[in-house]
Amino acid sequence: IFDEASDHARDGRDEALSLTARIWQAAARTDNAQLTAAESLCRATLVTGGLPPAERVRANATLARVLLWQARVDEAAALDLNAIDGDDDARAFVEATAIRVLLACGSIFAAGGRSRSLLIEVERSTRPIARVLALMAHLRVLSATGDLVAVADRLTDLERATREARAPLRLARARLLVAHTLRAAGRTTEAEAVFARLRRMGTVSPPILRKAIEGHLVTGNAR
């Protein structure tokens with residue numbers, strides 16, 4: 001669908017819209033575990049120079065996500081992930097991705113500061129997904145610190161937020177992160193219970209999430 005949207009926009013001589021559709025296509029390719037294709041789409045879009053500034057940063061964030069799934073942290077860290085004017089969802093996505101990159105680089109303190117700022121920012125938003133993205137980013141920080149009590153509390157917040165946003169797959173990703181956190185803390189029984197619950201989702205999960213649940217993609221904070 002995004003491919004068709006891009007073609008129609010190009011036929012209508014709306015280059016910016018055509019490129020935006022390509023960015024969304026790259027996001028879909030990523031969730032389909034087609035990482036090479038997703039990276040190619042992002043890079044091809046970025047080299048055109050036709051993206052508005054806010055969309056260019058979102059394209060960088062989409063590319064960073066692809067690179068993190070491939071454990072190419074240094075390349076992700078080299079991208080400009082400073083959110084500028086844009087809708088609340090896009091800004092939250094860029095900020096949340098920047099936090100993931102900081103955590104992958106081991107910069108927990110900087111990630112914590114940025115996640116707290118993002119939480120404050122989305123309190124003024126009416127967009128449910130923006131709040132989910134902010135809570136997930138903060139959950140990643142708490143997971144990195146090993147604070148299991150705070151992790152459990154934040155997961156409860158995410159359960160409520162994802163219901164409001166109608167985003168069950170984002171909750172699944174949060175539970176996957178929590179399962180890895182529990183396992184790292186030696187709480188194997190609890191971790192395996194979460195993994196078992198996630199495995200029951202089966203084919204309804206996007207391929208990249210399904211593979212992560214089954215343990216085929218081990219990329220640390222890239223989850």
Cβ-Cβ under 8 Å pairs, at least 6 apart or on other chains, the stretch 149-164 side surrounded by 13 or more Cβ atoms within 10 Å (Cβ to Cβ), far side assigned to a helix (DSSP H, G or I) and among the polar types (S, T, N, Q): VAL151/SER143; VAL151/THR181
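One line per residue, one yes/no per condition, for (1) in a helix (DSSP H, G or I); (2) open to solvent by 70 Å² or more (accessible area, probe 1.4 Å); (3) touching a Pro at 6+ places or on another chain (Cβ under 6 Å); (4) at pLDDT below 95:
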{"residue": "ASP3", "(1), (2), (3), (4)": "yes, no, no, yes"}
{"residue": "SER6", "(1), (2), (3), (4)": "yes, no, no, yes"}
{"residue": "ALA9", "(1), (2), (3), (4)": "yes, no, no, yes"}
{"residue": "ARG13", "(1), (2), (3), (4)": "no, yes, no, yes"}
{"residue": "ALA26", "(1), (2), (3), (4)": "yes, no, no, no"}
{"residue": "ARG29", "(1), (2), (3), (4)": "yes, yes, no, no"}
{"residue": "ALA33", "(1), (2), (3), (4)": "no, no, yes, yes"}
{"residue": "ALA38", "(1), (2), (3), (4)": "yes, no, no, no"}
{"residue": "LEU41", "(1), (2), (3), (4)": "yes, no, no, no"}
Please tell me if THR30 is hydroxyl-bearing (Ser, Thr, Tyr) and either in contact with a Leu (Cβ under 7 Å, 6 or more places away or on another chain) or within 20 Å of ALA16 (Cβ to Cβ) (or both). no
Those residues of the stretch 43-71 which are open to solvent by 30 Å² or more (accessible area, probe 1.4 Å) and either part of a helix (DSSP H, G or I) or in contact with a Pro (Cβ under 7 Å, 6 or more places away or on another chain) (or both) amount to ARG43, ALA44, VAL47, PRO53, ALA54, GLU55, ARG56
Given the options GLU95, GLU123, name the one that is under 14 Å from the mean Cα position of the chain (by Cα) and open to solvent by 10 Å² or more (accessible area, probe 1.4 Å). GLU95
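The values are calculated or read from the model by the stated rules, or taken from the named source; none is laboratory data. Everything quoted here is computed from the prediction, not taken from an experiment. No Cβ is skipped: glycine too gets one built from the backbone with ideal geometry, and neighbour counts run over all protein chains shown. Surface accessibility is based on the protein's heavy atoms, side chains included, excluding ligands, DNA and RNA. Shrake-Rupley method; radii C 1.70, N 1.55, O 1.52, S 1.80 Å.
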